[in-house]
Amino acid sequence: MSTQKPLVLVTGGAGYIGSNTTLQLLDAGYDVVVVDNLSRGHRAAVDPERLREVDLLDTDGLYRVLTERPVAAVIHFAAFIAVGESMKTPEIYFRNNLAGTLSLLTAMVRAGVKNIVFSSTAAVYGMPDVSPIPESAAKRPVNAYGETKLMVETMLDWFDRIHHLRGICLRYFNASGADPLCRAGESHEPETHLIPLMFEAIRSGKPMTLFGEDYPTPDGTCIRDYIHVSDLARAHIVAVESLLAGGPSNRYNVGTGTGYSVMEVVAAVEHVTGSPVPYSFGPRRDGDPPSLVADSSRLQGELGWKPVDSDLPRIVDTAWRWFNRDR
Ligand code: UDP
């Protein structure tokens, strides 16, 4: 019989990475309560008994959830994540991602909850001049989304120094794929991510736009490090375990170390689905660096994590099965 592990509070547990991580926490024997305002998440992604519909800016509401039962750690996913949108309406990004996190940290300090795992991003690096990118690389975000995440990382440093609230920041590269058992996956509204947009283009027959064909890369399209959401979820579990064992605050890249161009993703999607992806080339998207590939050796060396589900065909195959789940 497995013993019940501590209670973890997951913000944004109705979203893509949050719902996958919640499933893995439950599979691993943790108890979980989810905070989500459902502004972009999906009610159906969360067990109703675990869901507390609270907005991040509602500090008192967060405090109530944090003190309902003893919370050992918070995993903080809830955030806006669309790079393009952040360059059009930065105000909602700073309000939700930065002020919302400040509200959460304020509630945690009041409730005496001292451990947090934070969803950060490769976008903190901006246009890196090294590849693969180590955690020590210069942080110069080129979009407002990345700036909000970097500002939270900085805020967390101060909360550690002053309140001894320890935080592990996981800098995600390109989260992709779906739960292999098809219990959770990616469904953003509107969708902005490459792989699900390719599936939508296949289904509708309407060409999607590939952003830029003149990047300084071998085939002219952007290179990204696609990490399977199950590997990403496991990174959160090892991070929580490190904090619960008394480990220090830290920052870790979460990626595979291998980059694929947009055209290589097109080829993988066509191979897995057996259908051509209808597309045309458009201009570059504002705020898109040419290449983002992770050096995740720190996470591998210090916390013993390694990617096991992230080869591109498996990513596309699990995502495709999720996309077709109701058919
Ligand atoms: N991309 C594209 N067309 C789209 C959406 C994305 O060409 O409709 C490209 C984008 O420019 C980037 C890559 O696909 O090079 C991954 O973008 P996505 O939005 O999935 O993730 P991000 O890198 O922004 O986290």
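The values are calculated or read from the model by the stated rules, or taken from the named source; none is laboratory data. All values derive from a computational prediction rather than experimental measurement. Ideal geometry is used to build each Cβ from the backbone, glycine not excepted, and the neighbour counts take in all protein chains shown.
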* To do: Would you mind stating whether Leu156 is in contact with a Gly (Cβ under 6 Å, 6 or more places away or on another chain) and away from the ligand (no atom under 16 Å from the Cβ)?
  => yes
* Asked: Given the conditions (1) part of a helix (DSSP H, G or I); (2) modelled with pLDDT under 95; (3) of a type in the set (Gly, Ala, Ser), which single one is not true for Gly287?
  -> (1)
* To do: Specify which of the listed residues (Glu302, Glu264) is surrounded by fewer than 19 Cβ atoms within 10 Å (Cβ to Cβ), among the acidic types (Asp, Glu) and either within 16 Å of the ligand (Cβ to nearest atom) or not in a helix (DSSP H, G or I) (or both).
  => Glu264
* Hey, among the residues in segment 184-206 that are within 20 Å of the chain's Cα centre (by Cα) and among the acidic types (Asp, Glu), which one's surrounded by the most Cβ atoms within 10 Å (Cβ to Cβ)? -> Glu186
* What number goes with the only condition from (1) surrounded by fewer than 17 Cβ atoms within 10 Å (Cβ to Cβ); (2) assigned to a loop (DSSP other than H, G, I, E, B) that Ser280 does not pass? -> (2)
* From the list Ala73, Ala138, Ala122, Ala107, which residue is away from the ligand (no atom under 16 Å from the Cβ) and within 25 Å of Arg285 (Cα to Cα)? -> Ala138
* How many residues are in contact with a Leu (Cβ under 7 Å, 6 or more places away or on another chain) and basic (Lys, Arg) when one looks only at segment 195-250? -> 1
* Structure fact -> Within segment 59-73, the residues that are of a type outside the set (Ser, Thr, Tyr) and touching a Ser or Thr at 6+ places or on another chain (Cβ under 7 Å) are Leu62
